[in-house]
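Notes for the one structure printed next.
The values are calculated or read from the model by the stated rules, or taken from the named source; none is laboratory data. Given the structure is predicted, the values throughout are model-derived calculations rather than measurements. All Cβ positions, even for glycine, are placed from backbone atoms using ideal geometry, and neighbour counts span all protein chains on display.
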Amino acid sequence: MAEGRGKAGEKPPAGEKPPARSLSGVPVPVSGKQAAGKQKGLLGRLLKLLLVGIVLLILLVVGMAAGIYFRFIDPVKLAHQLKLQEIPYVGQYVPPVETNFQPVELPTEGQSTAGSGTAVLPEVVALVADKTPAAVPEREKSPEETARDEEEKRKKTEEGQRRLSKLAKLYTDMGADAAKAIVNQMDEDMAVAIIARMDNDAAGELLAALDPKKAARITARLARGDVPQTIE
């Protein structure tokens, strides 16, 4: 009796319904209807899963068909990307990818096109030919245009010379000690043009204060008369 009570007081495993018991604690056997109901519920769940899979497959097929119809998907290119043409007995049904280039038979090495019977297409000749446009000869200027250009050039030269003369006076008034730091960093053509327009005493003091190598180059240019007339 104690053993029977112990079994009657045991709890069923989690998630499992306790078996039906009578008033005396003895389990009631499961009827055939209940077993059939469990099998029917399991079969219903399997059918639901199967139905969901079929619906998903139909949606996938419809989506691919729509993509091919609206040209979002290229089946030939997709087949080549998947390398289906390399599969035996399947590759013969995969068409080649279409291109905009037409095959052209070109002469082999050591074979000339003349007398070989191979005609070279005009399009190929046009691609190989040099398409560099010929130089257009410059139009000769009229006397009025030439005179106008020379006048503009003369005015620009005079304006540049006036600016150089002002700079020469500015550096003369500045003094050699203050001017040497600027002239040492200055473009050599600019330095020669300014020093050439300074008076002799100021130019000598400035050259003596400059970097010896730069002063030597400027002196050599002044001796040769290599003095810019204007600075652009």
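The numbered conditions (1) in contact (Cβ under 8 Å) with a residue 24 or more places away in the chain; (2) within 17 Å of residue 231 (Cα to Cα) are all true for residue 209 except (2). Within the range 190-227, the set of residues being among the charged types (D, E, K, R) and under 17 Å from residue 166 (Cβ atoms) comprises 197, 199. Scanning for something part of a helix (DSSP H, G or I), modelled with pLDDT under 75 and not hydrophobic (A, V, I, L, M, F, W, C), does the range 43-50 turn up at least one residue? No, because not a single residue in the range 43-50 is part of a helix (DSSP H, G or I), modelled with pLDDT under 75 and not hydrophobic (A, V, I, L, M, F, W, C).
For the residues 195, 218, the requirement of being touching a helix residue (DSSP H, G or I) at 6+ places or on another chain (Cβ under 7 Å), crowded, with 16+ Cβ neighbours inside 10 Å and under 21 Å from residue 158 (Cα atoms) singles out 195.
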